[in-house]
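K.L.:
First the structure, then my questions, so here it is.
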């Protein structure tokens, strides 16, 4: 029998032994090379507050944890600490279909929330890779979005209220449960995408939308990326433009459509009511038939599977990419984004590109192993990509790469204008730098 | 540096003609659309970002408060400036710098008028969605400060959903870019925190807004109801059907009367309430949803349902809605409106409270509001020259705000807190909640030199001299 480490013992005294995870499981909570010294799984906000107040007193770093699907995101943690597992808080608190609002705890999964809302024909159009595991809190903290972001916006556009526990253990809320609200500052948007560096999200209130009654995915293969880009931009300009429109090259395209020929794959995701869906699909097929090599319309389960596969690409649990870079850019930079498919990163094959036509930007994905490549050279290559993205008016975030590469790279790219305000924010909210230290932009 | 030296330095930056400091010239800058008033020390009219930055730096060094002013249409006292403070206004920074049809964006200066932007980009097949009732007058800079809404926010969200990036000047004159040209950027969402900060974080000098493509079809309905209760039921029925229209507005009998006094908007004089409903989208989509909307209106007791036959009729219906507040001048010389929000299913309950409060205080209240998202605008109509009436209106407003909070709603949906509602913040937020908010202000404006004394209850700082005796009848309409 092992002796209980003091920190785990302190946590057990705080909120009970059953809330403290077995030391044997700690490697599950690893963030890159960092294995936490203890993991605690509270079941309510008061317990989260107790843990944070304790951390505030002791100065021990806290790494909030959800479904652990995107732990790759961010720089290497600055110092050892504990994992704060929020998956024990997964209740649907209040669903009001007639008000089009829902309140849910942070540890509920995206799939769980979606299933509850779908029963009533509603949805909150947020999506994250591996929705069965990804939590609502993690989706908000990372600000991650899915393939229909162009039409529906980002998670921050749907969050209308939030409960958080601050770095000092204080429990506060912002926003409310009404869909329109300018009462006080908008902290919902500040917490969303802050990677848990300002506060721990414990509960979220979303506004809802009626869910489309039908979905369809139109897949078209093109002889080259340029032809695909023209066809996609043409579709984007139509009244019947889809909710999401993407161009895929390389192995990413093969994964989505193994049997489709051609160098580039365009994927249009449409959703709506039956009558309009007929028009959307027919007109899209009509527009693309003459310029595409092949056009295929997927509906029902096949459409759902394709949307899921596209969402999961950056974090596919069976075959995750070795490197994933998110490019932020304007839609007009589509061809610049597609040109990244020629990137040579040390001795690796060129990346797959997944370009988001309507929203702008996209992702570069490598599945290759590169054990023999020097980490510093890979990091330099990634810095070149960040610089190139900057030169076309955007930026590049290295969402996933080997731990060894992270040492010499800020995965978030060039420090943004306003970095000094961000530093002051961090000092205001987390003066002792205990929340996710070191992982965010500029080492915050 | 004393006040006169500061003004001399500022004149050297912007030019003598663009510093207003004579009492009679300052009269129009001492109030906004709210009930408060206070004369600033001076008003500065800069020509560009560099001038804004230099003026702010000078004021910062002199320890002088700065308040930004858009068009002065704000309803919560956001532009009211303390007597020793400087106001910066933007009539000279009113250019649309770029319209990008590929990225569907426009780059504008803060003084651009909301409707001018919308009209301009419609030529390119696009539009700017947030459409406050004051859109003929209000500016984009002011819209950002207040996170302005409007009828079409029901489907498209408020100003914050339509701002991609901004150039802002901080209290010490530093120029910072928030957001980016792309819709997503690394780091904290400073852009999102800034929008709606009521001028306390910085002064906006350039704005990159998102534009939407014009829809294939727009169809506007007028649902005519015998009373406000049945109209509320219809609102719930439409939303409950899984339909979120582009806009869903309620206009009550008194508001109909006021509107019809000044223009024939086509609202029937004998209706108890009308709903103005707009659907947008593909032809097929609008056709399909129209049938369901009409059925929902008939099912909930509509006396009649009309569809605008053409653009002219559609425009007429909307002119009625958007001129309602001005039209209240035909009923009483002054008005004061409450911007509360309740969950949509509580509308009926809330409106009963409005009626009850109206009767108890003996104050006429008209209702014209964004029913689809539960954002009420109970509007008290009175003559401020009558002794005690202003106090009654304020007390009635307080009761209505309390009721909104009690029903799970909030104090303001789109007008901001400003001076007007700051003492009511504890109805919806704890001290700890407000402390967290203040931390954000500390990060943007550590010296709190921008629009201080707004939003948060303080009870001690400078109060403006809102006194009914100072009112000229009709001035606030």
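K.L.:
Do the conditions hold for residue A:165, that is, is it within 13 Å of chain B (Cβ to nearest Cβ), out of contact with any helix residue (DSSP H, G or I) (no Cβ under 6 Å at 6 or more places or on another chain) and surrounded by 23 or more Cβ atoms within 10 Å (Cβ to Cβ)?
P.N.:
No; evaluated as a whole, the condition is false for this residue.
K.L.:
Listed residues A:370, A:340; which is surrounded by 16 or more Cβ atoms within 10 Å (Cβ to Cβ) and in a helix (DSSP H, G or I)?
P.N.:
Going through A:370, A:340 in turn, just one is surrounded by 16 or more Cβ atoms within 10 Å (Cβ to Cβ) and in a helix (DSSP H, G or I): A:340.
K.L.:
Taking residue A:196, is it buried (at least 24 other Cβ atoms within 10 Å of the Cβ), assigned to a loop (DSSP other than H, G, I, E, B) and more than 10 Å from chain B (Cβ to nearest Cβ)?
P.N.:
Yes; evaluated as a whole, the condition is true for this residue.
K.L.:
Now for a different question. Only one of A:152, A:191, A:185 is surrounded by 23 or more Cβ atoms within 10 Å (Cβ to Cβ), more than 7 Å from chain B (Cβ to nearest Cβ) and at negative phi; which?
P.N.:
Criteria check complete, one pass: A:191.
K.L.:
I would also like to ask the following. Tell me, yes or no, whether the range B:122-143 has at least one residue that is over 23 Å from residue B:280 (Cβ atoms) and within 14 Å of chain A (Cβ to nearest Cβ).
P.N.:
yes
K.L.:
Being in contact (Cβ under 8 Å) with a residue 12 or more places away in the chain and over 26 Å from the mean Cα position of the chain (by Cα), is that true of even one residue in the range A:250-260?
P.N.:
Checked the range A:250-260: at least one residue is in contact (Cβ under 8 Å) with a residue 12 or more places away in the chain and over 26 Å from the mean Cα position of the chain (by Cα).
K.L.:
With (1) surrounded by fewer than 24 Cβ atoms within 10 Å (Cβ to Cβ); (2) away from every other protein chain (no Cβ under 11 Å); (3) in contact (Cβ under 8 Å) with a residue 40 or more places away in the chain as the list, and residue B:420 as the residue in question, which single condition is left unmet?
P.N.:
(1)
K.L.:
A further question on this structure: Taking only the range A:397-441 into account, find how many residues are part of a helix (DSSP H, G or I) and at pLDDT 95 or above.
P.N.:
Matching residues across the range A:397-441 total 12.
K.L.:
Could you grab me the full set of residues in the range A:282-294 that are touching a residue at least 24 places away in the same chain (Cβ under 8 Å), touching a strand residue (DSSP E or B) at 6+ places or on another chain (Cβ under 9 Å) and surrounded by fewer than 21 Cβ atoms within 10 Å (Cβ to Cβ)?
P.N.:
A:285, A:291, A:293, A:294 - these are the residues of the range A:282-294 that are touching a residue at least 24 places away in the same chain (Cβ under 8 Å), touching a strand residue (DSSP E or B) at 6+ places or on another chain (Cβ under 9 Å) and surrounded by fewer than 21 Cβ atoms within 10 Å (Cβ to Cβ).
K.L.:
Still on this structure, I have one more. Pick out, from the range B:221-315, the helices (runs of 4 or more DSSP H) lying fully within it that include 1 or more residues that are crowded, with 18+ Cβ neighbours inside 10 Å and within 12 Å of another protein chain (Cβ to nearest Cβ).
P.N.:
Result: B:228-240, B:283-299.
K.L.:
Out of everything in the range A:417-444 that is out of contact with any helix residue (DSSP H, G or I) (no Cβ under 7 Å at 6 or more places or on another chain) and under 21 Å from residue A:324 (Cα atoms), what residue ends up being nearest to the other protein chains (Cβ to nearest Cβ)?
P.N.:
A:440
K.L.:
Do we find that residue A:272 is buried (at least 20 other Cβ atoms within 10 Å of the Cβ), within 14 Å of another protein chain (Cβ to nearest Cβ) and touching a residue at least 40 places away in the same chain (Cβ under 8 Å) in this structure?
P.N.:
Answer is yes for this residue.
K.L.:
With respect to the numbered conditions (1) within 22 Å of residue A:96 (Cα to Cα); (2) touching a strand residue (DSSP E or B) at 6+ places or on another chain (Cβ under 7 Å), which one is the sole condition not fulfilled by residue A:155?
P.N.:
(2)
K.L.:
Can you spot a residue in the range B:379-389 that is part of a loop (DSSP other than H, G, I, E, B) and at pLDDT 95 or above?
P.N.:
No, because not a single residue in the range B:379-389 is part of a loop (DSSP other than H, G, I, E, B) and at pLDDT 95 or above.
K.L.:
Tell me, which residue of the range B:102-112 that is buried (at least 22 other Cβ atoms within 10 Å of the Cβ) and assigned to a strand (DSSP E or B) is farthest from the other protein chains (Cβ to nearest Cβ)?
P.N.:
Of everything passing the filter in the range B:102-112, B:108 is farthest from the other protein chains (Cβ to nearest Cβ).
K.L.:
I would also like to ask the following. So which residues in the range A:110-140 are closer than 22 Å to residue A:45 by Cβ and within 12 Å of chain B (Cβ to nearest Cβ)?
P.N.:
Selection gives A:140 alone.
The values are calculated or read from the model by the stated rules, or taken from the named source; none is laboratory data. Since the structure is predicted, the reported quantities are computational estimates derived from the model, not experimental observations. Positions of Cβ are generated from backbone atoms using ideal geometry, with glycine treated the same way; all protein chains shown enter the neighbour counts.
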